[in-house]
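See structure below.
The values are calculated or read from the model by the stated rules, or taken from the named source; none is laboratory data. Because the structure is a prediction, the values reported are computed rather than measured. Cβ sites come from the backbone with ideal geometry, for glycine too, and all protein chains shown count toward neighbours. Note: areas computed on protein heavy atoms with side chains; ligands, DNA, RNA excluded. Shrake-Rupley method; radii C 1.70, N 1.55, O 1.52, S 1.80 Å.
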Amino acid sequence: MTSKILIIMGSSRSDGNTRKIVDVIMAKTNAELIDLNAYKISYFDYEHRNKSDDFVEIATKMMEYEHIIFATPIYWYAMSAQLKTFFDRMSDLLTIRKSLGRQFREGKTMYAVACSSDEVEYDGFWMPFQKTAEYLGMEYGGDLHGWIVENEIPEEGLQNINTFCDNIITTNEK
Ligand SMILES: Cc1cc2nc3c(=O)[nH]c(=O)nc-3n(C[C@H](O)[C@H](O)[C@H](O)COP(=O)(O)O)c2cc1C
């Protein structure tokens, strides 16, 4: 199966807990990974003085995929600062990168994955993902909350990952 699935991960550690979940998803779906730690993405700038940083490289790469999964640890009840900075930069797609931005409307589906240290889910956590997908004209394909206990993904968490991946694979094959 050719990978049409891209994971964009924003965590403070490239080999941490979020990565454990991402690795399982990659193994099951043949997804490819962009780790935001390997790129220089600066804060949104109204003057676009940062237009030659790595944002456009990633945004261009995203166009090669139909399914885009954003993966983040939960830091203070919200997505990581790394991923939020990337989301802020997606505003460039509506201004100086409009032709790229329009391509998001061409049959792309967004998913979100969050990793925390326990099972508790926060009300409204997924809203920025759902609303961003809507705003960019993408489908919202669903989300997965994972958690890590003593450095391992618990059995229930693994089952949730399986269900999440099955949904993406089924959609990908349509
Ligand atoms: C700055 C910071 C804030 C956190 N805030 C939360 C939180 O609000 N809720 C929660 O359940 N876990 C919280 N955690 C725990 C992380 O979500 C958890 O350890 C996660 O698995 C870390 O993933 P990582 O290794 O990819 O960073 C926080 C951890 C850090 C470092």
**Asked** Taking the range 104-121 on its own, how many of its residues are open to solvent by 70 Å² or more (accessible area, probe 1.4 Å) and not aliphatic (A, V, I, L, M)?
**Response** 6
**Request:** Could you give me the residue pairs with C-beta distances under 8 Å whose first residue belongs to the range 68-95 and is open to solvent by 60 Å² or more (accessible area, probe 1.4 Å), whose second residue is within 15 Å of the ligand (Cβ to nearest atom) and part of a helix (DSSP H, G or I) wherever it lies, and which are 6+ apart or on separate chains?
**Result:** Y75/A81
**Request:** Evaluate the range 37-52: report whether one residue or more is within 18 Å of G141 (Cα to Cα) and within 16 Å of the ligand (Cβ to nearest atom).
**Result:** no
**Filtered residue count, the range 1-56, keeping only those that are open to solvent by 60 Å² or more (accessible area, probe 1.4 Å) and either farther than 18 Å from M90 by Cβ or not small (G, A, S) (or both)** = 23
**Prompt:** Counting just the residues of the range 135-174 that are touching a Phe, Trp or Tyr at 6+ places or on another chain (Cβ under 7 Å) and in a helix (DSSP H, G or I), which one comes out farthest from T72 (Cα to Cα)?
**Reply:** L136
